[in-house]
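The values are calculated or read from the model by the stated rules, or taken from the named source; none is laboratory data. As the structure is a computational prediction, the values presented were derived from the model and not from experiment. As a convention, Cβ positions derive from the backbone with ideal geometry for all residues, glycine included, and neighbour counts pool all protein chains shown. Side chains included, ligands, DNA and RNA excluded: accessible areas come from the protein's heavy atoms. Shrake-Rupley method; radii C 1.70, N 1.55, O 1.52, S 1.80 Å.
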Amino acid sequence: MDVKSYNICVQDWADALFRFVCKNTGNEEDARDIVQSSFETLWKKKEDVPMEKGKAFLFQVAYNQSIDLYRKKRKVHLTDTISSPETMKPTNPDLKRILERALKRLDEQARSLILLKDYEGYKYEEIAQITGLSDTQVKVYLHRARKTMKDYLVSVEKII
Amino acid sequence: MITLENYEEYLILFVDDELSEVEQKELAAFLKQYPHLQKELEDFQKTKLPAATDLHFADKERLLKKEPTKTILLTGWRSLAAAVVLLLIAFAAFKWMKKPSVNLTPPSVEIAKTTAPQQPIITQEKPSVPAETLVKTTRKITPKKPIAPASAYVKHDNKTRQPTTETQHKETTPTPPKTAPVNPINTETVSQGMPLVQTTSEPMQNTTAPMPETEVAKEKRATKKQRSRFLANLFISAEKRQGLAHLRNQVEERVATVKSINENIKNTSVEIKLGSKELFVLNF
């Protein structure tokens, strides 16, 4: 791709990439750094990346850097549990917040798959290309992630 | 085929939009058969994240890259053609800038005597006339015309005027063929710096009478033809061309006059000036 195509990628995908990495890492500053790094990588390899594969390339780079960051920092994703009475108040049933908590309960890889699926609408094959997994692995990991989140939501509803 | 052992997988595939139309119809039929599983489908649908539009990456401009400036390298005949075009443009611009203004001081021709011997003044037939008067009777100037008729200013050591020259001027001054009528010069115009046919030649001119009118006219016609072709090829307007022709004729007349009296005047030079700027000098 040329300079013009690169700039189009910046305009089209910078926000989406930032949202993906932000939800994945849970930290806006880390997400900003990863986004900048991803675009720099695309710039360096722009001759090898066609325009139509720019988005997938960016998300792939951002996904790998998110995983690397997670392994480096070794974050604990279970920030709260279902039994915590302080956060789970029947008078405050906020599905969005519950979903965010359910998302945080997932590991880095499962969370990335859910985000790529729900935020960006990628198919299993596209997610496989971005993450470097096979189609079957993507299907199985997503299945497990959905089930985990569903069980968490059901348990919260029971408490509420 | 959907069974009670694998229905959960189909529910998740349905939530992920990975089922084909046929498979969706099969799932719908299966759920009709087992309606209590509809709740489970709804629970899986709640795990789908809503679109997040509240997060934006600030300072996208920092990510943008500038397109490199294009440099077009001309080689061979292209560079030569480009150079020729640039020269033509520069030449046209130079010509346009050189276009004289309406108040341009017409050129003046001065015939100066550097070391002329003193000669007795014969003033019988040619009383000295002030330059302004001479000019007045012989010249017509249109202030607004870009090129006024050429004028010759004959200057000698003594400042007596030459009536004969005046006569010559009067008789031989060519009228611009097509330009607007030349207004007579009066003292006012002269004082404003207009031309100056102020012949202040010496006394002895009486003895060396100028060429007869017919000869001068013939000479003029002959040279006119020769020079008209040259002028016609000049890259200037017709008006300027006529003015130049007139100026040329005036210079030739002065030179002829000087030549005719060359025997009695030594070391005579003719200076051609444009305003105050000296163009060239003819030495005799």
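Summary of values
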read-out: Choice from A:37, A:66, A:112 showing the highest fluctuation, given a GNM over chain A with Cα pairs closer than 10 Å; value: A:37
read-out: Given charges at beta-carbon only (K, R positive; D, E negative), |dipole| of region A:100-140 in Debye; value: 220 debye
read-out: 23 Å Cα-Cα threshold exceeded, pairs from A:4/A:55; A:55/A:139; A:44/B:66; A:45/B:65; A:104/A:139; A:73/A:147; value: A:73/A:147
read-out: Cβ-derived FRET efficiency at R0 30 Å, residue B:238 paired with residue B:283, nearest 0.05; value: 0.35
read-out: Average silhouette area of chain A, convex hull of alpha-carbon atoms, in square nanometres; value: 9.9 nm²
read-out: Per-residue mean of C-beta atoms belonging to partner chains within 10 Å, peptide B:35-46; value: 2
read-out: Placed amide H near residue B:268: partners under 5 Å, 5+ positions off or other chain; value: B:284
read-out: Highest-MSF residue in chain A out of A:105, A:32, A:97 [GNM, Cα springs under 10 Å]; value: A:97
read-out: Spin-label pair residue B:91/residue A:29, simplified geometry with 7 Å Cα→Cβ offset, distance in nm; value: 7.0 nm
read-out: Cα-based Kirkwood hydrodynamic radius, region A:1-69, one decimal, Å; value: 11.7 Å
read-out: Chains A and B together, accessible area buried on both sides, 1.4 angstrom probe, square angstrom; value: 3400 Å²
